[in-house]
Structures are given as C-alpha cells and as structure tokens.
Amino acid sequence: MSDDQIEAYKLLVQYQNNFKRIGNMFRKRNPKLADEVTQLAKEIREHLLNFKV
C-alpha cells in the first residue's frame with residue numbers, strides 16, 4: 001500500500017470510531033439519528049475490510 005492509502009485507511013478507522021461514539025451518544029435522545037450514524041459506521045467498516053494489505 002502506498003503512503004496515501006495508509007493515511008486514508010487510518011482516517012477511515014478514525015471516522016468509523018467517531019461515528020460509533022456519536023451513535024452511542026444519541027441512542028436514548030434520538031434513536032433514528034443513532035441508527036443512521038451507526039449504519040454509516042458499518043458502511044465505513046465494510047470499506048475498510050476491502051483494503052488490500
């Protein structure tokens with residue numbers, strides 16, 4: 001992997017973790033928003049799994 005790809009991978013990992021945290025934070029206040037944010041984190045995770053190491 002190139003340096004740019006590694007940097008992109010690291011950013012996606014960070015985004016995924018942040019979206020999971022946001023989803024957990026809103027779980028009780030706004031369940032619909034929490035579900036959408038959690039779904040976004042899952043989609044990012046799927047893209048991370050497609051990276052070739």
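Carbon-plus-sulfur accessible fraction, the chain (probe radius 1.4 Å, protein heavy atoms only): 52%. Across the chain, Cα pairs under 8 Å and at least six residues apart give a relative contact order of 41 percent.
With respect to the chain, whose longest principal axis is taken over its alpha-carbon atoms, helix 31-50 is tilted by about 10°. One equal scatterer on each Cα of the chain, no solvent, Debye formula: the resulting log10 I(q)/I(0) at q = 0.14 Å⁻¹ is -0.40.
Counting only alpha carbon atoms, the long axis of helix 3-25 and the longest principal axis of the chain meet at about 10°. Its DSSP H runs of at least 4 residues, each contributing -39,500 (n - 2.57), put the calculated 222 nm mean residue ellipticity of the chain at -28000 deg cm²/dmol, to the nearest 500.
Taking 0.36 nm per residue of sequence separation and removing the Cα-Cα distance, the residue 46/residue 18 pair yields an extension gain of 8.5 nm. Spin-label model, residue 11 to residue 39: label points 7 Å out along the Cα-to-beta-carbon direction sit 2.5 nm apart. Normalised per residue, the accessible area of the chain is 85 Å², obtained with a 1.4 Å probe and no contribution from ligands, DNA or RNA.
Among 32, 42, 20, the largest mean-square fluctuation in a Gaussian network model of the chain, built with springs joining Cα atoms closer than 10 Å, belongs to 32.
Dipole size in debye (nearest 20) for the chain around its Cα centre, Lys and Arg Cβ +1, Asp and Glu Cβ -1?
460
The values are calculated or read from the model by the stated rules, or taken from the named source; none is laboratory data. Note that the structure is predicted; figures quoted are calculated from it, not measured. Here Cβ is always computed from backbone atoms with ideal geometry, including for glycine, and neighbour counts include all displayed protein chains. Quick note on the areas: whole protein, heavy atoms, side chains included, nothing else; ligands and nucleic acids left out. Shrake-Rupley method; radii C 1.70, N 1.55, O 1.52, S 1.80 Å.
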